[in-house]
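See below for the structure under consideration.
Each value in this text was obtained by applying a stated rule to the coordinates, not by laboratory testing. Predicted, not measured: the structure shown is a model, and the values here were computed from it. Cβ sites come from the backbone with ideal geometry, for glycine too, and all protein chains shown count toward neighbours.
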Amino acid sequence: MKLLDGKICAESLVADISKRVAGYVESGLRKPHMTVILVGEHAPSETYVKSKIKSCENAGFDSALLRFPESITESELLAAIAEINADPVTDGLIVQLPVPKHIKPQNIINAIDPEKDIDGFHPTNFGRMTLGQKAFRPATAYGICKLLQYYEIPVKGKHCVVIGRSNIVGKPISIMLSNDFDIGNATVTLAHIETPRALLLDETRRADIIVVAVGIPGFVTEDMVKDGVVMIDVGINRLENGKLVGDVDFENVSRKCSWITPVPGGVGKMTVAALMINTLMAYQNNFDLA
Ligand code: GUN
């Protein structure tokens, strides 16, 4: 079993980005700029946002964190987004999810200028990605592809099983792996909460690559996989004892894997790195750079 180390891969991608940014800045351009909106208090979101801002520093980007109270109304939040959409200095904008219950996430996502939508969640980007057109690709799914590419894991012609159909991870990664992309051309099964257990087992037991994003610690067990499987664990679950674990029973499943992502230090790091790639792309689009 070998580890798909998201930390090493992300650091390498961010180092490349920072070199390119240094070149742009030397030629007289401003730095790329990411704006992050955080609404209310949500401990995991605090951690994720902190890591995005830190990664901006490492990449040589400017960043701004705008905090709003839990009590903000949807229309107030939409007004703040409209203001940032119109701000020429912001290349990329993300609204950290989840937002409070009285705000509809889809209304927020739809309000972000697709040119600044570095999360790739806006229907324009999601649609363009699905159609194989140039787009901001959803960061976690894109990060998984970059990780597979970095470790030269063959994807073309493989049987992939994605467990979980969220708009953030499961849906986009199932599309990206099946599309005629550089990391793609796999045969993909998308399993979800309504997939009968027996069918799920049939699929996972013959899968070459499994991507699991269900948010349930220990969901993937040893009996569900074949020897040599490549396991991508997207879960980030905090146990009562404070330990951070994924959706895979790592200790027992890893013995059967050819490759597996650790948690932490796997997909989470890659989500942030992919966001940096998308921000650089937004910036390059703004300045008509190649
Ligand atoms: N919450 C959990 N994952 C994500 C993500 O990739 N982007 C945003 N904006 N919020 C999230």
Per DSSP loop assignment and a cutoff of at most 16 other beta carbons within 10 Å, the chain keeps its longest run without exposed GluC sites (Glu not before Pro) at 71-151
Only sites in a loop by DSSP and with at most 14 other Cβ atoms within 10 Å count here; which trypsin sites (Lys or Arg not before Pro) in region 104-204 make the cut?
K134, K156
Extend 7 Å from the Cα of Q106 along its Cα-to-C-beta direction; within region 142-174, residues with backbone N under 18 Å of that point are 165-172
Test of understanding: express the Cα radius of gyration of the chain as a ratio to 2.2 N^0.38 Å, with N the residue count.
1.00
Between 0 and 90 degrees, rounded to the nearest ten: what's the tilt of helix 267-286 against the longest Cα principal axis of the chain?
40 degrees
At 222 nm, what helix-only mean residue ellipticity would the chain give, in deg cm²/dmol to the nearest 500, using -39500 (n - 2.57) for each DSSP H run of four or more?
-12500 deg cm²/dmol
What is the local net charge at Y142, summed over the other residues whose Cβ is closer than 14 Å to its Cβ (Lys, Arg +1; Asp, Glu -1)?
+3
How about K269: which lysines have a C-alpha closer than 19 Å to its C-alpha, ignoring those fewer than 8 places off in the same chain?
K2, K7, K50, K52, K54, K146, K243
Per-residue Cβ contact counts at 10 Å, fewest first, order C56, C9 as C9, C56
Relative to the first principal axis of the alpha-carbon coordinates of the chain, what is the inclination of helix 6-26, with its axis defined by its Cα atoms, in degrees from 0 to 90 and to the nearest 10?
20 degrees
Between L289 and T195, the FRET efficiency computed from the C-beta separation at R0 = 30 Å comes out, to the nearest 0.05, as 0.10
Tell me, in nm to one decimal, what length is gained between L3 and R20 on full extension, where the rule is 0.36 nm per residue of separation less the Cα-Cα distance?
3.3 nm
In Å and from the alpha-carbon atoms only, list the Rg and Dmax of region 87-219.
15.9, 53
Inverse of <1/r> over all distinct C-alpha pairs of region 21-162, i.e. the Kirkwood Rh in Å, gives 16.8 Å
Distance from the Cα centre of region 70-147 to that of region 189-231, in angstrom?
30 Å
Running a GNM on the chain with Cα contacts under 10 Å, which residue among P88, P32, P114 ends up with the highest mean-square fluctuation?
P88
Treat each spin label as a single point 7 Å out from the Cα along the C-beta direction, and report the T187 to E152 distance in nm.
2.6 nm
Please report the base-10 log of the normalised intensity I(q)/I(0) for region 163-290, using a Debye sum with one equal scatterer per alpha carbon and no solvent, at each q in 0.14, 0.18, 0.20 (1/Å).
-0.67, -1.02, -1.22
Full-stretch length increase - T130, E11 - with 0.36 nm per residue and alpha-carbon distance subtracted:
40.0 nm
Over the chain, what is the relative contact order in percent, taking alpha-carbon pairs closer than 8 angstrom and at least six residues apart?
21 percent
In region 16-76, trypsin sites (Lys or Arg not before Pro) in a DSSP loop with at most 16 other beta-carbon atoms within 10 Å
R30
Any idea what angle helix 139-150 forms with the longest principal axis of the chain, computed on alpha-carbon atoms, 0 to 90 degrees, nearest 10?
60 degrees
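How high is the FRET efficiency from H159 to E41, r the C-beta distance, R0 41 Å, rounded to 0.05?
Details: r = 42 Å, r/R0 = 1.03.
For H159 and E41, the calculated efficiency is 0.45.
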With 0.36 nm assigned to each residue of separation and the Cα-Cα distance removed, S166 to A82 gains 27.6 nm
